Amino acid sequence: MTAPRLTIDLGKVGHNARTLVDRLSARGIAVVGVTKAVLGLTEVAATLVDAGIATLGDSRIENLERLSRSEVAAATMLIRSPMVSQVDRVVTHADLSCNTEAEVLRALSGAAESAGRNHGVVLMVELGDLREGILPEDLEAVAELVLGLRNLDLRGIGTNLACQSGIVPDARNMTQLSDLADAVEARFGIHLDMVSGGNSANLSWALGPAPVGRINQLRLGESILLGCDPLDRSPIEGLQLDAFTLVGEVIESKLKPSLPTGTAAQASFGTPPRRVDRGPVRQAIVALGQQDTDPAGLTPPEGVTVLGASSDHLVLDAGQCDLRPGDEVTFGLTYGALVRAMTSPFVASDLRAGNAAE
């Protein structure tokens, strides 16, 4: 097959999804399967639904449009606040969306009324990570606005932690979210279907011994796709870590000095990584670079070291591996490397039914 390519083992994705759905359902928490890292890929979405996930979430309306054209039977959730310029598309292709701004909510209301349909709203609350969110003291005022707007249904509240500032979901901020849900319900005499506690970074808290309170939903992407905890990238027990791998092809292999020569300045992507003099090394170049993925997020095979990367060259110290032009090298990926690789038009996808037990 062509290279570079992402190998996607759907069996392992399904195993991870089923495992997390089962563990969280025992705690009263439903899973939204987040498809943004795979661009709403239909085969992955169908795998998530087959694993027991009823709602698919994505940050891009283009990916939700792809899902709505497929035959995947699931509710859809836009997990990034809608752009005002896209509200017509949002009410057409998303069953609900996460929101923080009054101006956007008014635009959604107008679009939903024009389309003759109702649109579900989850209000996102700022609880310390300083990304999106309504300040807690302003939540009831925004909830009142939603309740007064035509064709909008206030379905719940939520928050997002760990993505911007690395703030850990814990008993304090999750209790605060539960208390806010109670306060909104008491103030307006309504019931909130969803209290969406966050993302894969919530798993240590959600599966721990503490009560989960009102939290009944998590939005999971990285933990399902890569089997790791975003807080420290440690493996989650029982999950597969290699559902996604990136394969590149060697285009050069030569014995070269380990240190560059000449006057050093900036390289194509800033300051080059520091090298140590280890004498001559077997340097291999793979046809893969910054335009295809995040090289810093690649894990090479044992005994091979990534020395650096430019736009389209990944430079390796092959160690004792006898890499030759035409050989393929398989890398593990972080979430950032996966997102970049899926987004690159130069990286193909190789979908496999796979076997979770492999």
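Per 0.36 nm of contour for each residue apart, how much would the distance between Ala186 and Asp50 grow if the chain were fully extended, relative to their Cα-Cα spacing? Numbers along the way, then the final one.
Details: separation 136, 0.36 × 136 = 48.96 nm, distance 3.70 nm.
Stretched fully, the Ala186-Asp50 segment lengthens by 45.3 nm.
Set the Förster radius R0 to 41 Å, insert the Cβ-Cβ distance between Ala348 and Leu135 as r into 1/(1 + (r/R0)^6), and round the FRET efficiency to 0.05.
Details: r = 45 Å, r/R0 = 1.10.
Result of the calculation: an efficiency of 0.35.
Could you work out the local net charge near Val32, counting Lys and Arg as +1, Asp and Glu as -1, over the other residues with Cβ closer than 14 Å to its Cβ? Write out the running numbers ahead of the final one.
Details: positive: Lys36, Arg80, Arg155, Arg219; negative: Asp58, Asp95, Asp193, Glu222.
So the environment of Val32 carries a net charge of 0.
May I ask for log10 I(q)/I(0) of the chain at q = 0.08, 0.14, 0.15 Å⁻¹, from a Debye sum over the Cα atoms as equal point scatterers with solvent left out?
Each listed q maps to, in turn, -0.46, -1.12, -1.23.
Counting Lys and Arg as +1 and Asp and Glu as -1, what is the net charge of the other residues whose Cβ lies under 12 Å from the Cβ of Leu288? Let's see the in-between values first.
Values: positive: Arg5, Arg340; negative: Glu249, Asp292, Asp294, Asp312, Glu328.
Value of the local net charge: -3.
Under the 0.36 nm per residue contour assumption, what length would be gained going from the current alpha-carbon distance of Val276 and Ala102 to full extension?
Working: separation 174, 0.36 × 174 = 62.64 nm, distance 5.50 nm.
Length gained, Val276 through Ala102: 57.1 nm.
For Glu62 and Arg27, FRET efficiency with R0 = 45 Å and r from the beta-carbon atoms, rounded to 0.05?
On the way: r = 33 Å, r/R0 = 0.74.
Once the sixth-power term is evaluated, E becomes 0.85.
Which stretch or stretches of the range 72-108 have amide N atoms under 12 Å from the point lying 7 Å from Leu145's Cα along the Cα→Cβ direction?
Within reach of a label on Leu145: 99-108.
Count charges around Gln86 for me, please; just the other residues with Cβ under 11 Å from its Cβ, Lys/Arg as +1, Asp/Glu as -1.
Values: positive: Arg60, Arg80, Arg89; negative: Glu62, Glu65, Asp88.
Computed value for this residue: 0.
Can you list the lysines whose alpha carbon is less than 29 Å from that of Lys36, not counting same-chain residues fewer than 8 positions off?
In chain and number order, the partners are Lys12.
Less than 12 Å apart at the alpha-carbon level, and either on another chain or at least 8 residues along: which aspartates and glutamates does that give for Lys256?
The reachable aspartates and glutamates, counting only those whose Cα sits under 12 Å from Lys256, are Asp277, Asp317.
So what's the back-of-envelope 222 nm ellipticity for the chain, counting only DSSP H runs of four-plus at -39500 (n - 2.57) apiece and dividing by all residues, rounded to 500?
Working: 10 runs with 101 residues, N = 358.
The helix-only estimate for the chain comes to -8500 deg cm²/dmol at 222 nm.
Read-outs throughout are calculated quantities, based only on the coordinates presented, and are distinct from any laboratory measurement. Computed from a predicted model, the values in this text were never measured in an experiment. A quick note on method: Cβ atoms are made from the backbone with ideal geometry, for glycine too, and the neighbour counts reach across all protein chains shown.
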